[in-house]
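Would you mind keeping the following structure in view while I ask a few things?
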Amino acid sequence: MKDPFNQTGPEYGLRVDKPLVLIGLMGVGKTTVGRRLAKKLDLKFVDADEEIEKAAGLSVQEIFDRFGEDYFRDGERRVIARLMEEERQVIATGGGAFMNKETRALIMSKSTAIWLDADIEILVDRVSRRDTRPLLKNGNPAEILKALAEKRNPVYAKAHIHVIGNDSPHDLTVNNIMKSLNP
Ligand code: S3P
């Protein structure tokens, strides 16, 4: 079995001794890209939103509806803190996770943070295909995403790595992440 600590092949040469954490706006492809990155590096993949749902026994939408966003954010902070304890894995986070100061400090100190970025038009198109995001339900999704991008992008920019996905094939984005991990 390949050992991600010690990959010497031309494709890898990559030392993964910290979790790789994908951050970025809704619809950018953190889960899909994260899954493929994990597969390529022989690492486990974890989706933080799924972990929150498992812990609560409720969907993200249900948590927002029944308990509100602050409650969700608190659960998100605790779940991500737990995930940071395991070294070798790829973690996709929900778009707001990195905005929490404590969560951000933890991600920055214990992992390699990768900001997956894309143009707003691409995000709007992608999020319109799924109706599961509570933050986009109270208004025009394009306007909400634009406002979120303005507020969040300067914070996402603190990540260790910035990769632009746009509408490139996911495998190309994965390769770009791997190149940035191994400059
Ligand atoms: C959120 C993004 C969602 C989810 C929740 C809040 C956000 O995750 O965590 O709906 O604040 O941007 P995705 O980024 O995976 O859609």
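The values are calculated or read from the model by the stated rules, or taken from the named source; none is laboratory data. Source: prediction; values computed, not measured. Heads up, the Cβs are rebuilt from the backbone with ideal geometry, glycines too, and the neighbour counts pull from every protein chain shown. The accessibility values were calculated without ligands, DNA or RNA, using every heavy atom of the protein model including side chains. Shrake-Rupley method; radii C 1.70, N 1.55, O 1.52, S 1.80 Å.
So for the chain, if I pair up every lysine 8 or more residues apart or on another chain, how many of those pairs have alpha-carbons under 18 Å apart?
25
In the neighborhood of Y156, defined by Cβ-to-Cβ distances under 13 Å, what is the net charge if each Lys or Arg adds +1 and each Asp or Glu adds -1? Walk me through the intermediate numbers first.
Numbers: positive: K30, R104, K151, R152, K158; negative: D117, E150.
So the surrounding residues net to +3.
Hey, can you find the accessible area per residue of the chain for me, probe 1.4 Å, expressed in square angstrom?
Values: 9560 Å² over 183 residues.
With the other protein chains kept in place, the chain gives 52 Å² per residue.
Arranged from highest to lowest average of other beta-carbon atoms within 10 Å per residue, in what order do the peptides 97-106, 60-69, 31-40 appear?
Values: 97-106: 16.8, 60-69: 14.8, 31-40: 19.7.
Highest to lowest by the protection proxy: 31-40, 97-106, 60-69.
Still on this structure: For the chain, which whole percent of the accessible surface, found with a 1.4 angstrom probe, sits on carbon and sulfur atoms? Could the numbers behind the result be given before it?
Values: 4640 of 9560 Å².
So the carbon and sulfur contribution to the accessible surface is 49 percent.
Can you show me the helix-derived [θ] at 222 nm for the chain, built from DSSP H runs with n ≥ 4 at -39,500 (n - 2.57) apiece and divided by the number of residues, rounded to the nearest 500. Intermediate values should be presented prior to the final figure.
Values: 8 runs with 90 residues, N = 183.
Mean residue ellipticity, 222 nm, calculated: -15000 deg cm²/dmol.
If r is the Cβ-Cβ distance from N153 to D74 and R0 is 22 Å, what FRET efficiency results, to the nearest 0.05? Before the final figure, lay out the partial values.
Details: r = 24 Å, r/R0 = 1.11.
After rounding to 0.05, the efficiency reads 0.35.
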